Amino acid sequence: EQQSTVSITVVGASGDLAKKKIFPALFALYYEGCLPEHFTIYGYARSKMTDAELRDMVSKTLTCRIDKRENCGEKMEEFLKRCFYHTGQYDSQEHFVTLDKKLKEHEGGRLSNRLFYLSIPPNIFVDAVKCASSSASSISGWTRVIVEKPFGRDSKTSAALTKSLKQYLEEDQIFRIDHYLGKELVENLSVLRFSNLIFEPLWSRQYIQNVQFIFSEDFGTEGRGGYFDHYGIIRDIMQNHLLQILALFAMETPVSLDAEDIRNEKVKVLRSMRPIQLEDVVIGQYKSTTKGGVTYPGYTDDKTVPKDSLTPTFAAAALFIDNARWDGVPFLMKAGKALHTRSAEIRVQFRHVPGNLYNRNSGGTNLDRTTNELVIRVQPDEGIYLKINNKVPGLGMRLDQSNLNLLYSARYSKEIPDAYERLLLDAIEGERRLFIRSDELDAAWALFTPLLKEIEEKKTIPEFYPYGSRGPVGAHYLAAKHNVQWGDLS
Ligand code: BG6
(Lines give C-alpha, C1' and ligand atoms only; values in the text may rest on other atoms or scores of the structure.)
Protein backbone atom coordinates (compact mmCIF):
# COMPACT_ATOMS: atom_id res chain seq x y z
CA GLU A 1 0.00 0.00 0.00
CA GLN A 2 1.28 3.43 -0.94
CA GLN A 3 2.22 5.52 2.06
CA SER A 4 0.42 8.80 2.45
CA THR A 5 1.53 12.16 3.71
CA VAL A 6 -0.23 15.26 4.96
CA SER A 7 1.09 18.75 4.37
CA ILE A 8 -0.44 21.42 6.57
CA THR A 9 0.03 25.01 5.48
CA VAL A 10 -0.89 27.74 7.92
CA VAL A 11 -1.58 30.76 5.76
CA GLY A 12 -1.16 33.84 7.92
CA ALA A 13 1.46 32.14 10.07
CA SER A 14 2.68 35.25 11.82
CA GLY A 15 -0.78 36.25 13.04
CA ASP A 16 -2.11 35.96 16.55
CA LEU A 17 -4.40 33.00 15.97
CA ALA A 18 -1.64 30.97 14.36
CA LYS A 19 0.75 31.67 17.20
CA LYS A 20 -1.69 31.26 20.06
CA LYS A 21 -3.87 28.45 18.82
CA ILE A 22 -2.98 26.71 15.58
CA PHE A 23 0.68 25.82 16.13
CA PRO A 24 0.15 24.82 19.78
CA ALA A 25 -2.81 22.65 18.72
CA LEU A 26 -0.74 20.96 16.02
CA PHE A 27 1.98 20.32 18.53
CA ALA A 28 -0.49 18.83 21.00
CA LEU A 29 -1.76 16.50 18.27
CA TYR A 30 1.80 15.52 17.47
CA TYR A 31 2.54 14.89 21.12
CA GLU A 32 -0.52 12.70 21.46
CA GLY A 33 0.52 10.71 18.40
CA CYS A 34 -2.52 11.84 16.41
CA LEU A 35 -0.69 13.19 13.36
CA PRO A 36 0.13 10.74 10.58
CA GLU A 37 3.68 9.46 10.39
CA HIS A 38 4.54 11.57 7.36
CA PHE A 39 3.54 15.15 7.82
CA THR A 40 5.02 18.56 7.16
CA ILE A 41 3.89 21.91 8.46
CA TYR A 42 4.46 25.10 6.54
CA GLY A 43 3.97 28.59 7.84
CA TYR A 44 3.08 30.96 5.02
CA ALA A 45 3.04 34.74 5.41
CA ARG A 46 4.21 37.94 3.82
CA SER A 47 7.01 38.85 6.18
CA LYS A 48 10.47 37.52 5.45
CA MET A 49 11.48 34.81 7.84
CA THR A 50 13.76 31.78 7.79
CA ASP A 51 12.75 28.30 8.93
CA ALA A 52 14.84 28.87 12.04
CA GLU A 53 13.03 32.11 12.80
CA LEU A 54 9.66 30.47 12.36
CA ARG A 55 10.70 27.66 14.69
CA ASP A 56 11.88 30.18 17.19
CA MET A 57 8.59 32.06 16.98
CA VAL A 58 6.52 28.89 17.24
CA SER A 59 8.55 27.47 20.11
CA LYS A 60 7.69 30.51 22.23
CA THR A 61 4.00 29.79 22.02
CA LEU A 62 4.14 26.06 22.66
CA THR A 63 3.29 26.86 26.23
CA CYS A 64 0.29 24.58 26.02
CA ARG A 65 -0.70 22.17 28.77
CA ILE A 66 1.68 19.61 27.32
CA ASP A 67 4.96 21.30 28.11
CA LYS A 68 4.63 20.42 31.74
CA ARG A 69 5.36 16.81 30.94
CA GLU A 70 8.73 15.19 31.12
CA ASN A 71 9.75 14.51 27.56
CA CYS A 72 8.10 17.63 26.27
CA GLY A 73 11.36 19.34 25.31
CA GLU A 74 12.40 16.42 23.17
CA LYS A 75 9.00 16.22 21.50
CA MET A 76 9.08 19.94 20.81
CA GLU A 77 12.43 19.62 19.07
CA GLU A 78 11.10 16.79 16.90
CA PHE A 79 7.98 18.77 16.10
CA LEU A 80 9.83 21.96 15.24
CA LYS A 81 12.03 20.06 12.80
CA ARG A 82 8.88 19.32 10.83
CA CYS A 83 7.94 23.03 10.63
CA PHE A 84 9.08 25.20 7.72
CA TYR A 85 8.44 28.68 6.46
CA HIS A 86 7.59 30.11 3.09
CA THR A 87 7.44 33.84 2.37
CA GLY A 88 4.70 34.82 -0.03
CA GLN A 89 1.94 37.22 -0.90
CA TYR A 90 -1.55 35.87 -0.30
CA ASP A 91 -2.68 36.63 -3.83
CA SER A 92 0.40 35.50 -5.69
CA GLN A 93 -0.04 32.44 -7.83
CA GLU A 94 3.70 32.38 -8.32
CA HIS A 95 4.45 32.25 -4.60
CA PHE A 96 2.04 29.39 -4.12
CA VAL A 97 3.67 27.56 -7.02
CA THR A 98 7.03 27.72 -5.25
CA LEU A 99 5.34 26.47 -2.10
CA ASP A 100 3.89 23.61 -4.11
CA LYS A 101 7.38 22.65 -5.29
CA LYS A 102 8.67 22.61 -1.74
CA LEU A 103 5.72 20.54 -0.57
CA LYS A 104 6.30 18.06 -3.36
CA GLU A 105 9.89 17.59 -2.22
CA HIS A 106 8.71 16.74 1.28
CA GLU A 107 6.00 14.48 -0.04
CA GLY A 108 8.59 12.50 -1.95
CA GLY A 109 6.15 10.86 -4.34
CA ARG A 110 3.87 9.51 -1.60
CA LEU A 111 0.10 9.81 -1.81
CA SER A 112 -0.17 13.46 -0.86
CA ASN A 113 -2.92 15.22 1.04
CA ARG A 114 -2.98 18.91 1.73
CA LEU A 115 -4.64 21.01 4.37
CA PHE A 116 -4.58 24.79 4.17
CA TYR A 117 -5.56 26.77 7.23
CA LEU A 118 -6.54 30.28 6.19
CA SER A 119 -5.90 32.47 9.16
CA ILE A 120 -6.06 35.73 7.24
CA PRO A 121 -8.42 38.73 6.90
CA PRO A 122 -11.61 38.04 4.95
CA ASN A 123 -10.85 40.47 2.12
CA ILE A 124 -8.02 38.22 0.93
CA PHE A 125 -9.75 34.85 1.51
CA VAL A 126 -10.81 34.28 -2.03
CA ASP A 127 -7.49 35.19 -3.65
CA ALA A 128 -5.65 32.93 -1.25
CA VAL A 129 -8.08 30.05 -1.89
CA LYS A 130 -7.67 30.49 -5.60
CA CYS A 131 -3.89 30.31 -5.33
CA ALA A 132 -3.78 27.59 -2.69
CA SER A 133 -6.16 25.30 -4.53
CA SER A 134 -4.52 25.72 -7.89
CA SER A 135 -2.11 22.84 -7.35
CA ALA A 136 -4.88 20.49 -6.16
CA SER A 137 -5.18 18.68 -9.47
CA SER A 138 -1.45 17.90 -9.50
CA ILE A 139 -1.48 15.95 -6.25
CA SER A 140 -2.72 12.46 -5.65
CA GLY A 141 -4.76 12.90 -2.46
CA TRP A 142 -7.23 15.38 -1.06
CA THR A 143 -7.01 19.16 -0.67
CA ARG A 144 -8.99 20.75 2.17
CA VAL A 145 -9.23 24.34 3.28
CA ILE A 146 -10.12 25.50 6.78
CA VAL A 147 -11.60 28.98 6.86
CA GLU A 148 -12.19 31.15 9.88
CA LYS A 149 -15.05 33.55 10.35
CA PRO A 150 -16.15 36.18 9.48
CA PHE A 151 -17.99 34.46 6.67
CA GLY A 152 -19.38 37.74 5.36
CA ARG A 153 -21.29 40.43 7.27
CA ASP A 154 -24.82 39.50 6.22
CA SER A 155 -26.76 37.18 3.92
CA LYS A 156 -25.64 38.93 0.77
CA THR A 157 -21.92 39.15 1.46
CA SER A 158 -21.88 35.63 2.86
CA ALA A 159 -23.58 34.24 -0.24
CA ALA A 160 -21.10 36.10 -2.42
CA LEU A 161 -18.20 34.64 -0.46
CA THR A 162 -19.60 31.12 -0.74
CA LYS A 163 -20.08 31.59 -4.46
CA SER A 164 -16.50 32.78 -4.94
CA LEU A 165 -15.07 29.95 -2.85
CA LYS A 166 -17.04 27.43 -4.84
CA GLN A 167 -15.35 28.55 -8.03
CA TYR A 168 -12.25 26.86 -6.68
CA LEU A 169 -13.46 24.30 -4.15
CA GLU A 170 -16.22 21.76 -3.72
CA GLU A 171 -18.38 22.16 -0.62
CA ASP A 172 -16.80 19.08 0.94
CA GLN A 173 -13.35 20.66 0.69
CA ILE A 174 -14.40 23.73 2.68
CA PHE A 175 -14.12 23.40 6.45
CA ARG A 176 -15.80 26.45 8.02
CA ILE A 177 -14.60 26.53 11.55
CA ASP A 178 -16.60 27.62 14.57
CA HIS A 179 -14.25 26.84 17.40
CA TYR A 180 -17.08 26.71 19.96
CA LEU A 181 -18.19 23.46 18.37
CA GLY A 182 -14.80 21.99 19.23
CA LYS A 183 -15.19 22.72 22.93
CA GLU A 184 -15.48 19.60 25.05
CA LEU A 185 -18.69 20.55 26.80
CA VAL A 186 -20.39 21.57 23.59
CA GLU A 187 -19.52 18.23 22.07
CA ASN A 188 -20.86 16.55 25.15
CA LEU A 189 -24.23 18.24 24.78
CA SER A 190 -25.60 15.54 22.49
CA VAL A 191 -24.24 12.77 24.72
CA LEU A 192 -25.89 14.32 27.74
CA ARG A 193 -29.20 14.66 26.01
CA PHE A 194 -29.45 11.57 23.83
CA SER A 195 -27.91 8.98 26.07
CA ASN A 196 -29.58 9.80 29.38
CA LEU A 197 -33.14 8.74 29.97
CA ILE A 198 -33.51 11.31 32.71
CA PHE A 199 -32.92 14.13 30.21
CA GLU A 200 -34.01 13.00 26.77
CA PRO A 201 -37.77 12.83 27.46
CA LEU A 202 -37.67 16.20 29.22
CA TRP A 203 -36.14 18.03 26.27
CA SER A 204 -39.20 19.95 25.08
CA ARG A 205 -41.69 22.72 25.83
CA GLN A 206 -43.53 20.37 28.08
CA TYR A 207 -40.82 20.45 30.76
CA ILE A 208 -38.42 23.21 29.82
CA GLN A 209 -39.47 26.76 30.61
CA ASN A 210 -36.54 28.52 28.95
CA VAL A 211 -32.96 28.01 27.81
CA GLN A 212 -30.11 30.50 28.16
CA PHE A 213 -26.87 30.75 26.24
CA ILE A 214 -24.47 33.07 27.98
CA PHE A 215 -21.07 34.31 26.86
CA SER A 216 -19.08 36.86 28.78
CA GLU A 217 -15.56 38.15 28.71
CA ASP A 218 -13.87 40.25 31.35
CA PHE A 219 -11.78 42.18 28.85
CA GLY A 220 -12.56 44.62 26.06
CA THR A 221 -11.56 44.65 22.42
CA GLU A 222 -7.97 45.53 23.31
CA GLY A 223 -6.28 46.18 19.98
CA ARG A 224 -8.87 44.21 17.95
CA GLY A 225 -11.11 47.24 17.68
CA GLY A 226 -10.47 47.65 13.97
CA TYR A 227 -11.92 44.23 13.22
CA PHE A 228 -14.54 44.35 15.90
CA ASP A 229 -16.01 47.70 15.02
CA HIS A 230 -16.93 46.43 11.59
CA TYR A 231 -18.76 43.42 13.03
CA GLY A 232 -20.00 43.95 16.59
CA ILE A 233 -20.93 41.37 19.19
CA ILE A 234 -23.99 40.02 17.37
CA ARG A 235 -21.89 38.95 14.39
CA ASP A 236 -18.84 38.10 16.46
CA ILE A 237 -20.50 35.75 18.96
CA MET A 238 -24.26 35.34 18.57
CA GLN A 239 -24.76 34.60 14.90
CA ASN A 240 -22.12 31.86 15.06
CA HIS A 241 -20.97 30.52 18.43
CA LEU A 242 -24.22 30.87 20.39
CA LEU A 243 -26.52 30.04 17.51
CA GLN A 244 -24.54 26.91 16.70
CA ILE A 245 -24.86 25.73 20.28
CA LEU A 246 -28.57 26.51 20.20
CA ALA A 247 -29.00 24.45 17.04
CA LEU A 248 -27.22 21.48 18.60
CA PHE A 249 -29.25 21.87 21.75
CA ALA A 250 -32.62 22.08 20.07
CA MET A 251 -32.33 19.80 17.03
CA GLU A 252 -34.45 16.70 16.61
CA THR A 253 -32.77 13.33 17.03
CA PRO A 254 -30.57 12.83 13.98
CA VAL A 255 -30.84 9.62 11.97
CA SER A 256 -27.26 8.81 12.95
CA LEU A 257 -24.12 10.50 14.16
CA ASP A 258 -22.95 11.09 10.60
CA ALA A 259 -22.02 14.64 9.76
CA GLU A 260 -24.75 15.02 7.16
CA ASP A 261 -27.46 13.65 9.43
CA ILE A 262 -26.50 16.01 12.24
CA ARG A 263 -26.15 19.00 9.98
CA ASN A 264 -29.51 18.24 8.36
CA GLU A 265 -31.17 18.47 11.78
CA LYS A 266 -29.32 21.63 12.75
CA VAL A 267 -30.33 23.37 9.59
CA LYS A 268 -33.97 22.45 10.18
CA VAL A 269 -33.93 24.10 13.59
CA LEU A 270 -32.29 27.20 12.21
CA ARG A 271 -34.88 27.44 9.50
CA SER A 272 -37.69 27.03 12.05
CA MET A 273 -36.63 30.08 13.99
CA ARG A 274 -38.95 33.04 14.19
CA PRO A 275 -37.58 36.33 12.82
CA ILE A 276 -36.00 38.25 15.69
CA GLN A 277 -37.87 41.40 16.71
CA LEU A 278 -35.91 44.49 17.61
CA GLU A 279 -37.97 44.82 20.79
CA ASP A 280 -36.64 41.42 21.82
CA VAL A 281 -33.08 42.65 21.68
CA VAL A 282 -30.99 44.82 23.99
CA ILE A 283 -27.66 46.18 22.84
CA GLY A 284 -24.95 47.75 24.95
CA GLN A 285 -21.50 49.26 24.75
CA TYR A 286 -18.96 49.45 27.55
CA LYS A 287 -17.76 52.78 28.80
CA SER A 288 -14.75 53.81 30.77
CA THR A 289 -14.83 53.39 34.50
CA THR A 290 -12.51 53.89 37.46
CA LYS A 291 -12.34 51.29 40.17
CA GLY A 292 -9.92 51.14 43.06
CA GLY A 293 -7.86 53.92 41.51
CA VAL A 294 -7.55 52.10 38.17
CA THR A 295 -9.18 53.52 35.07
CA TYR A 296 -10.48 51.00 32.56
CA PRO A 297 -10.94 52.25 28.99
CA GLY A 298 -14.28 52.51 27.28
CA TYR A 299 -14.85 50.86 23.91
CA THR A 300 -14.44 54.12 21.99
CA ASP A 301 -11.18 54.87 23.82
CA ASP A 302 -9.65 52.11 21.68
CA LYS A 303 -7.57 53.99 19.10
CA THR A 304 -8.79 51.76 16.30
CA VAL A 305 -12.46 52.56 17.03
CA PRO A 306 -14.22 55.73 15.79
CA LYS A 307 -15.17 58.02 18.69
CA ASP A 308 -18.85 58.03 17.72
CA SER A 309 -19.12 54.28 17.14
CA LEU A 310 -22.48 52.72 18.00
CA THR A 311 -21.19 49.17 17.58
CA PRO A 312 -22.59 46.90 20.29
CA THR A 313 -20.11 45.15 22.57
CA PHE A 314 -23.01 43.55 24.43
CA ALA A 315 -26.28 42.08 23.25
CA ALA A 316 -29.11 40.09 24.75
CA ALA A 317 -31.89 38.59 22.69
CA ALA A 318 -34.96 36.40 23.02
CA LEU A 319 -35.37 33.88 20.23
CA PHE A 320 -38.10 31.40 19.45
CA ILE A 321 -38.28 28.18 17.52
CA ASP A 322 -41.59 27.74 15.79
CA ASN A 323 -41.90 23.99 15.85
CA ALA A 324 -43.91 21.48 17.84
CA ARG A 325 -41.14 20.71 20.31
CA TRP A 326 -40.25 24.28 21.26
CA ASP A 327 -43.39 26.31 20.66
CA GLY A 328 -43.37 29.29 23.03
CA VAL A 329 -40.11 28.48 24.83
CA PRO A 330 -37.81 31.52 25.04
CA PHE A 331 -34.23 30.84 24.04
CA LEU A 332 -32.30 33.69 25.56
CA MET A 333 -28.86 34.71 24.42
CA LYS A 334 -26.50 37.09 26.10
CA ALA A 335 -23.02 37.99 24.94
CA GLY A 336 -20.73 40.73 26.10
CA LYS A 337 -17.22 42.01 26.36
CA ALA A 338 -15.71 43.90 29.30
CA LEU A 339 -18.11 42.33 31.79
CA HIS A 340 -17.38 41.27 35.38
CA THR A 341 -16.35 37.73 34.53
CA ARG A 342 -15.21 35.39 31.78
CA SER A 343 -17.49 32.44 31.20
CA ALA A 344 -19.62 30.56 28.73
CA GLU A 345 -22.56 28.47 29.81
CA ILE A 346 -25.85 26.93 28.85
CA ARG A 347 -28.67 27.06 31.36
CA VAL A 348 -31.80 25.01 31.10
CA GLN A 349 -34.56 26.13 33.42
CA PHE A 350 -37.33 23.61 33.96
CA ARG A 351 -40.97 24.30 34.67
CA HIS A 352 -42.59 24.25 38.09
CA VAL A 353 -43.72 20.93 39.45
CA PRO A 354 -47.52 21.05 38.95
CA GLY A 355 -49.30 21.31 42.29
CA ASN A 356 -46.00 21.14 44.17
CA LEU A 357 -46.77 19.91 47.68
CA TYR A 358 -44.01 21.99 49.17
CA ASN A 359 -45.04 25.18 47.49
CA ARG A 360 -48.69 25.05 48.29
CA ASN A 361 -48.79 27.16 51.39
CA SER A 362 -45.68 28.83 50.45
CA GLY A 363 -45.43 30.58 53.75
CA GLY A 364 -43.57 27.38 54.49
CA THR A 365 -40.87 27.64 51.87
CA ASN A 366 -37.78 29.72 51.90
CA LEU A 367 -37.09 29.52 48.18
CA ASP A 368 -37.18 32.24 45.58
CA ARG A 369 -36.92 29.73 42.82
CA THR A 370 -38.00 26.18 43.22
CA THR A 371 -37.55 24.99 39.69
CA ASN A 372 -34.77 22.71 38.57
CA GLU A 373 -31.97 24.12 36.54
CA LEU A 374 -29.37 22.25 34.54
CA VAL A 375 -26.18 24.20 33.98
CA ILE A 376 -23.57 23.22 31.43
CA ARG A 377 -20.48 25.26 32.07
CA VAL A 378 -18.51 25.36 28.85
CA GLN A 379 -15.69 27.38 30.39
CA PRO A 380 -13.85 27.96 32.64
CA ASP A 381 -14.02 25.18 35.28
CA GLU A 382 -15.83 22.89 32.88
CA GLY A 383 -18.68 21.09 34.51
CA ILE A 384 -22.33 20.17 34.61
CA TYR A 385 -24.61 20.66 37.57
CA LEU A 386 -28.23 20.18 38.29
CA LYS A 387 -30.07 22.23 40.86
CA ILE A 388 -32.48 20.17 42.87
CA ASN A 389 -34.71 20.95 45.82
CA ASN A 390 -33.55 19.30 48.96
CA LYS A 391 -34.56 19.14 52.57
CA VAL A 392 -32.14 20.93 54.81
CA PRO A 393 -31.09 18.26 57.33
CA GLY A 394 -32.63 18.74 60.72
CA LEU A 395 -35.82 18.33 62.65
CA GLY A 396 -37.66 21.11 60.89
CA MET A 397 -38.91 21.07 57.31
CA ARG A 398 -36.92 23.56 55.38
CA LEU A 399 -35.97 23.22 51.73
CA ASP A 400 -33.11 24.64 49.80
CA GLN A 401 -31.60 24.19 46.39
CA SER A 402 -28.46 22.12 46.13
CA ASN A 403 -26.32 21.05 43.22
CA LEU A 404 -25.66 17.60 41.91
CA ASN A 405 -22.29 18.54 40.64
CA LEU A 406 -20.00 17.07 37.99
CA LEU A 407 -16.82 19.07 37.99
CA TYR A 408 -14.53 17.84 35.25
CA SER A 409 -11.30 18.62 37.06
CA ALA A 410 -12.43 16.49 40.00
CA ARG A 411 -13.81 13.63 37.91
CA TYR A 412 -11.31 13.30 35.08
CA SER A 413 -7.57 13.41 35.41
CA LYS A 414 -6.89 13.97 31.73
CA GLU A 415 -6.76 17.57 30.72
CA ILE A 416 -9.31 18.87 28.29
CA PRO A 417 -7.97 19.39 24.78
CA ASP A 418 -8.21 22.80 23.23
CA ALA A 419 -11.04 23.19 20.72
CA TYR A 420 -8.55 23.71 17.91
CA GLU A 421 -6.99 20.30 18.54
CA ARG A 422 -10.27 18.48 18.02
CA LEU A 423 -11.14 20.54 14.95
CA LEU A 424 -7.75 20.24 13.27
CA LEU A 425 -7.75 16.51 13.84
CA ASP A 426 -11.25 16.24 12.39
CA ALA A 427 -10.24 18.23 9.32
CA ILE A 428 -7.24 15.94 8.78
CA GLU A 429 -9.47 12.92 9.14
CA GLY A 430 -12.20 14.37 6.93
CA GLU A 431 -14.78 14.40 9.73
CA ARG A 432 -17.21 17.24 8.97
CA ARG A 433 -19.61 16.94 11.89
CA LEU A 434 -18.30 20.00 13.71
CA PHE A 435 -17.90 22.25 10.68
CA ILE A 436 -20.55 24.55 9.26
CA ARG A 437 -22.20 23.55 6.01
CA SER A 438 -23.13 26.33 3.62
CA ASP A 439 -26.89 25.89 4.10
CA GLU A 440 -26.43 26.21 7.88
CA LEU A 441 -24.50 29.39 7.32
CA ASP A 442 -27.23 30.74 5.03
CA ALA A 443 -29.90 29.95 7.61
CA ALA A 444 -27.88 31.63 10.37
CA TRP A 445 -27.50 34.77 8.32
CA ALA A 446 -31.14 34.72 7.25
CA LEU A 447 -32.06 34.88 10.92
CA PHE A 448 -29.76 37.73 11.90
CA THR A 449 -29.48 39.88 8.78
CA PRO A 450 -32.86 41.69 9.04
CA LEU A 451 -32.20 42.47 12.71
CA LEU A 452 -28.70 43.78 12.06
CA LYS A 453 -29.98 45.89 9.20
CA GLU A 454 -32.69 47.39 11.37
CA ILE A 455 -30.27 48.20 14.20
CA GLU A 456 -27.87 49.82 11.78
CA GLU A 457 -30.45 51.73 9.77
CA LYS A 458 -32.15 53.08 12.86
CA LYS A 459 -28.76 53.87 14.38
CA THR A 460 -29.98 52.32 17.60
CA ILE A 461 -28.08 53.77 20.54
CA PRO A 462 -26.56 51.07 22.74
CA GLU A 463 -27.14 51.13 26.47
CA PHE A 464 -23.81 52.10 28.04
CA TYR A 465 -22.46 49.94 30.84
CA PRO A 466 -19.32 50.35 32.91
CA TYR A 467 -16.30 48.21 32.07
CA GLY A 468 -16.27 45.24 34.42
CA SER A 469 -19.98 45.46 35.29
CA ARG A 470 -22.77 42.95 34.74
CA GLY A 471 -23.93 44.69 31.58
CA PRO A 472 -26.99 46.83 30.78
CA VAL A 473 -30.03 46.53 33.04
CA GLY A 474 -32.13 46.32 29.88
CA ALA A 475 -31.15 42.66 29.71
CA HIS A 476 -33.12 42.02 32.93
CA TYR A 477 -36.23 43.70 31.58
CA LEU A 478 -35.96 41.68 28.42
CA ALA A 479 -35.79 38.44 30.40
CA ALA A 480 -38.58 39.55 32.74
CA LYS A 481 -40.81 40.33 29.78
CA HIS A 482 -40.56 36.65 28.89
CA ASN A 483 -41.07 35.53 32.45
CA VAL A 484 -37.46 34.58 32.89
CA GLN A 485 -34.62 35.40 35.26
CA TRP A 486 -31.04 35.13 34.06
CA GLY A 487 -29.60 32.13 35.83
CA ASP A 488 -26.13 33.61 36.12
CA LEU A 489 -27.39 36.61 38.04
CA SER A 490 -29.99 35.13 40.33
C1 BG6 B 1 -13.82 34.61 18.78
C2 BG6 B 1 -14.26 36.04 18.81
O3 BG6 B 1 -14.52 33.92 17.79
O4 BG6 B 1 -14.06 34.00 20.03
C5 BG6 B 1 -13.57 36.79 19.92
O6 BG6 B 1 -13.97 36.66 17.57
C7 BG6 B 1 -13.70 36.06 21.24
O8 BG6 B 1 -14.08 38.10 20.04
C9 BG6 B 1 -13.35 34.60 21.10
O10 BG6 B 1 -12.86 36.68 22.18
C11 BG6 B 1 -13.66 33.82 22.37
O12 BG6 B 1 -13.15 32.53 22.28
P13 BG6 B 1 -12.78 31.70 23.57
O14 BG6 B 1 -12.47 30.35 23.08
O15 BG6 B 1 -11.59 32.40 24.18
O16 BG6 B 1 -13.96 31.77 24.47
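The values are calculated or read from the model by the stated rules, or taken from the named source; none is laboratory data. Keep in mind the model is a prediction, meaning the values are calculated, not measured. As a convention, Cβ positions derive from the backbone with ideal geometry for all residues, glycine included, and neighbour counts pool all protein chains shown. Protein only, heavy atoms only, side chains kept; ligands, DNA and RNA dropped before computing areas. Shrake-Rupley method; radii C 1.70, N 1.55, O 1.52, S 1.80 Å.
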- Task: First measure r as the distance between the Cβ atoms of LEU111 and SER134, then evaluate 1/(1 + (r/R0)^6) with R0 = 22 Å and state the FRET efficiency to the nearest 0.05.
- Result: 0.65
- With a ≥ b ≥ c the root eigenvalues of the C-alpha gyration tensor of the range 130-254, is it rounded (a/c under 1.5), prolate (a/b larger than b/c) or oblate? oblate
- Sort largest first and round to whole Å: the equivalent ellipsoid semi-axes of the range 286-352, each the square root of five times a Cα gyration tensor eigenvalue. 35, 16, 8
- Message: Quick check for me: using +1 on Lys/Arg Cβ and -1 on Asp/Glu Cβ, what's the dipole size of the range 3-74 about its Cα centre, in debye to the nearest 20?
- Response: 340
- Query: Over 27 Å between Cα atoms, which of LYS337/LYS453; LYS149/LYS266; LYS48/LYS166; LYS104/LYS163; LYS163/LYS266; LYS101/LYS156 qualify?
  - Reply: LYS48/LYS166; LYS104/LYS163; LYS101/LYS156
- Query: Separation between the LYS60 and PHE350 pseudo-spin-labels, each 7 Å from Cα along Cα→Cβ, expressed in nm?
  - Reply: 5.2
- Query: At a 1.4 Å probe, what is the % contribution of carbon and sulfur to the accessible area of the chain?
  - Reply: 51
- Three-way shape label, the chain, alpha-carbon gyration tensor, a/c 1.5: prolate
- Query: Going from most exposed to least, what order do ASP381, ASP100 have by accessible area with a 1.4 Å probe?
  - Reply: ASP381, ASP100
- Solvent-accessible area per residue for the chain (1.4 angstrom probe, square angstrom): 45
- Work out, step by step, the length gained on full extension between ALA52 and THR341: first 0.36 nm times the residue separation, then minus their alpha carbon distance; give nm to one decimal. 100.1 nm
- Message: Run the simple label-point estimate for LYS166 and THR253 please: 7 Å along Cα→C-beta, distance reported in nm.
- Response: 3.3
- Item | Charge dipole magnitude, Cβ of K and R +1, D and E -1 - the chain, Cα centre, debye nearest 20 | 980
- Can you give the net charge of the other residues whose Cβ lies under 11 Å from the Cβ of GLY232, counting K and R as +1 and D and E as -1? 0
- Task: Note down the relative contact order for the chain as a percent, whole number, built from C-alpha pairs under 8 angstrom at least six residues apart.
- Result: 17
- Message: Using a 1.4 Å probe on the protein heavy atoms only, what accessible surface does SER413 show? Give it in Å² to the nearest 10.
- Response: 120
- Item | Straight-distance crosslink candidates among aspartates and glutamates, where the alpha carbon sits under 13 Å from LYS303 and sequence neighbours closer than 8 are dropped | GLU222, ASP229
- Report the FRET efficiency, 1/(1 + (r/R0)^6), for ASN483 and LYS303, where r is their Cβ-Cβ distance and R0 is 30 Å, rounded to 0.05. 0.10
- Built amide H within the under 5 Å cut-off of ARG153, gap 5+: SER158
- Query: So what is the relative contact order for the range 165-256, in percent, with contacts set as C-alpha pairs under 8 Å and at least six apart?
  - Reply: 40
- Task: For the range 251-395, give the magnitude of the charge dipole about the Cα centre (Cβ charges: +1 Lys/Arg, -1 Asp/Glu; no others), in debye to the nearest 20.
- Result: 460
- Which one of ILE428, PHE219, TYR30 is farthest out on the positive end of the charge dipole of the chain, using unit charges on Cβ (Lys, Arg +1; Asp, Glu -1) and the Cα centre as origin? PHE219
- Task: Rounded, prolate or oblate: pick one for the range 340-490, where a ≥ b ≥ c are the square roots of the eigenvalues of its C-alpha gyration tensor, a/c under 1.5 means rounded, and failing that, prolate if a/b is larger than b/c, else oblate.
- Result: oblate
